[in-house]
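Written below as structure tokens is the structure these notes are about.
The values are calculated or read from the model by the stated rules, or taken from the named source; none is laboratory data. Because the structure is a prediction, the values reported are computed rather than measured. All Cβ positions, glycine included, derive from the backbone under ideal geometry; neighbour counts span all protein chains shown.
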Amino acid sequence: MDIEYVDKKVLKCQVLVDNATSEAQREVYQGYLDFWTKKLPKAQRPEIIAKKEDAKAEKILEENAEIARLEMIAIEKAKAEAEELAEAKALKIAELEAKHRAELAALDEPEPEELNEINFELLYPNKKAYRTQNGERIETIAYKEYLNKTESE
Amino acid sequence: MAAGDNECRMRLYEYRDIGGGILGDLPEHIKAASPQLLDIYIVATPADAAGFLEIDPPTSVLSSVGEVVETISSSADDGNDAGDHLQGISAIGINGSNKMVTVQMLATSAAWTETLHTEIWKNIFHSFGSKWGTGDRDPAGAVDIRTVGDTVLVELVAGDNEGNGAAFVVPHGHACMLYGGRLTRITTTGAWANDEGVAIRIVYIDTIDALSEGGAGAPAPADRAINWLEYIVAGQYGNQYVDIPKGFIFPEDTQIIHQDSSVVDGGEPYTLHLQYLIWKK
């Protein structure tokens, strides 16, 4: 058989194997490739095999590049997610702090009764607003008068 | 035509070509599926011995996986030169999308050396010449359609525009209906032999039957069910033709093969016209 013809067939089969659209189709084309490769003189076969191996190596490189690309996408995605999470966390902390501050402010503000007591004691430093009897806290007469006076005003 | 000789013309018509009158009695859902019509016309003479043989079989059958094919001519006088003889060959078969199609494949060089075509084929059933130069209106050499591994599938012999192949497979995902036909006994003498006639079979092998070809899990030979429809025209008196009724349905992936036989032992010429409707389920 004409070597040129076989050579052409081998190259054609190689292209078909590389471009097969399914595994089953690749197998069929690979069968043809093997069929024609065997028809080549032995001296020419390694060259064909080398070409085949080059094609395989190229394919592996392409696959590796694809894997790296996918990994990079995954890393960037994870990074973006982490940043988003940190931002959400910061917002939450600010919100909690604001709430806490509001609570503290509410605690610092004295009750009206306490305010009266403080004012009374400031006005009359030598008098007490309450006295203790049998463990109970009882308003003093002076303080009662002060309260009545304040209310009527 | 000598005993044992046969010729088949196969053509595939699209719905746009057949939509009018002949499909009038079809249910609407089949019409809605735009069916195709596979038309088979056989002229043959069975062998001079009773026994069914396949009519005009293809040279080889594809792997059904889906692959590209090549065309080639044995003569440098076929090719794409204006003065060449055959310039294009058409094939009927199933493409990579499981659709029955007719595709014309053209020569791309002046001497028609092996030419790779882009269509993906799962099956090729028949071929015929479809484009000519000014040199002649039929092929100068043998023109064939082959795999890349050089297995010839169907072929035109020199001087003949109609290739071999009278069998087909119902494409996957499709249904097929025998849409009638006629078997006609022909005489060259004007007299009919009383003790002779012609018989034909439409053999249908569905996917389960095909499993009996072999392999693990294949049914035992006794469980095989290779089926056929048989029609006979014989004897001296009465009509010398039989109308083949329409309506028989074949499921997807069924292989359909045509066979003939002389009723006794004298091959007589006949014509067989069959039509099959094919539509996507």
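Of the residues screened, residue A:38 is one that is within 14 Å of chain B (Cβ to nearest Cβ), surrounded by 10 or more Cβ atoms within 10 Å (Cβ to Cβ) and out of contact with any His (no Cβ under 6 Å at 6 or more places or on another chain).
Among the residues making up the stretch B:88-103, those that are more than 14 Å from chain A (Cβ to nearest Cβ) and either outside any strand (DSSP E or B) or surrounded by fewer than 24 Cβ atoms within 10 Å (Cβ to Cβ) (or both) are B:88, B:90, B:92, B:99, B:100, B:101, B:102, B:103. Out of B:76, B:50, one residue alone is out of contact with any Gly (no Cβ under 7 Å at 6 or more places or on another chain) and not assigned by TED's automatic domain parsing to the domain that holds residue B:133. It is B:50. As a summary of the residue check, residue A:43 satisfies the conditions (1) more than 14 Å from every other protein chain (Cβ to nearest Cβ); (2) surrounded by 10 or more Cβ atoms within 10 Å (Cβ to Cβ) except for the one numbered (2). With respect to (1) among the acidic types (Asp, Glu); (2) in contact (Cβ under 8 Å) with a residue 24 or more places away in the chain; (3) away from every other protein chain (no Cβ under 14 Å), the lone exception for residue B:28 is condition (2). Each residue in the stretch B:171-188 was checked for being among the aliphatic types (A, V, I, L, M) and at pLDDT below 95, and 1 pass.
One residue alone among A:98, A:74, A:102, A:57 is of a type outside the set (D, E, K, R) and within 30 Å of residue A:14 (Cβ to Cβ), and that residue is A:57. Of everything in the stretch A:111-130 that's within 15 Å of residue A:151 (Cα to Cα) and of a type outside the set (D, E, K, R), which residue is surrounded by the fewest Cβ atoms within 10 Å (Cβ to Cβ)? Within the stretch A:111-130, the match that is surrounded by the fewest Cβ atoms within 10 Å (Cβ to Cβ) is A:112. Do you know which residues across the stretch B:118-151 are within 14 Å of another protein chain (Cβ to nearest Cβ) and over 24 Å from residue B:36 (Cα atoms)? Within the stretch B:118-151, B:146, B:147, B:148, B:149, B:150, B:151 qualify.
When restricted to residues that are away from chain A (no Cβ under 14 Å) and either in a loop (DSSP other than H, G, I, E, B) or small (Gly, Ala, Ser) (or both), the stretch B:47-73 contains 12. Selection over the stretch B:26-61 of residues that are of a type in the set (Ser, Thr, Tyr) and surrounded by fewer than 16 Cβ atoms within 10 Å (Cβ to Cβ) gives a count of 2.
Selection within the stretch A:9-29: residues that are among the aliphatic types (A, V, I, L, M) and more than 10 Å from chain B (Cβ to nearest Cβ). The member of this set that is nearest to the chain's Cα centre (by Cα) is A:17.
Residue B:277 fulfils the conditions (1) over 27 Å from residue B:47 (Cα atoms); (2) among the aliphatic types (A, V, I, L, M); (3) at pLDDT below 90 except for a single criterion, (3). Within the stretch B:209-244, if we keep just the residues that are surrounded by 13 or more Cβ atoms within 10 Å (Cβ to Cβ) and assigned to a helix (DSSP H, G or I), the residue that is modelled with the lowest pLDDT turns out to be B:212.
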